[in-house]
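Since the structure comes first, as structure tokens, the remarks are kept for the end.
Laboratory data are not the source of any read-out in this text; all were calculated from the coordinates shown. The structure displayed is predicted, hence computed values, not measured ones.
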Amino acid sequence: GAVYRYLAGVYGRESDAEEVTQEAFLRLHLALVNREKIENPKAWVLTVARRLMLDRLKRGRCEAVRHCTVAPDVAEAVCDPAPTPEEALAERRKRAALQHAVRNLTSLEQQCLFARAEGLKLRQIGEVVGMDLRRVAEVVERAVRTLQRQMRA
């Protein structure tokens, strides 16, 4: 689930995210069958999935779309089951503002933020995106500050 949500969130293509997730786990299975040493399977599979998605985008099979969709079951879990019309309107405006703010982040900021939201440690994110720990921390902090600033505006 974490790999799929990461791919779908960063690249906005749910059908591609599903296929890439399956391929990444197939490759993990094959690597384990071949007795490859994998110290951190979660970071390994996220790295493979990210590279597969980037390859897919480069080949032109899909167009990179920068948006964040919220699944209906997630929205239900977050929202009060019986909001007032005013609350519902305010919630829609906030959600639209957050989606807009996330779309305005750089691709790297989106990748790091979504990976962090999936529970990866900064070191693991660094392995996925190919950066050192300090740089990942800076990117995540900058993304959060940007989102906070845009949400206050």
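Based only on Cα atoms, what Rg/Rh ratio does the stretch 82-153 have, Rh being taken as Kirkwood's radius? Before the final figure, lay out each step's value.
Numbers: Rg = 14.7 Å, Rh = 13.3 Å.
With Rg and the Kirkwood Rh in hand, the quotient comes to 1.11.
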How much length, in nm to one decimal, is gained on full extension between LEU54 and LYS121, taken as 0.36 nm per residue of separation minus their Cα-Cα distance?
21.9 nm
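Just subtract the alpha-carbon distance of PHE25 and ARG142 from 0.36 nm times their residue separation and send over the number in nm, one decimal. Could you put the intermediate results ahead of the total?
Details: separation 117, 0.36 × 117 = 42.12 nm, distance 3.13 nm.
Fully extending the segment from PHE25 to ARG142 adds 39.0 nm.
Could you tell me which of rounded, prolate or oblate describes the stretch 7-48, using a ≥ b ≥ c as the square roots of the eigenvalues of the alpha-carbon gyration tensor, with rounded for a/c under 1.5 and, failing that, prolate when a/b is larger than b/c and oblate otherwise? Let's see the in-between values first.
Values: a/c = 5.07, a/b = 2.02, b/c = 2.51.
Taking the square roots of the gyration eigenvalues as a ≥ b ≥ c, the stretch 7-48 is oblate.
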Using 0.36 nm per residue, how much length does the chain from MET151 to LEU108 gain when fully extended, once their Cα-Cα distance is taken away?
13.5 nm
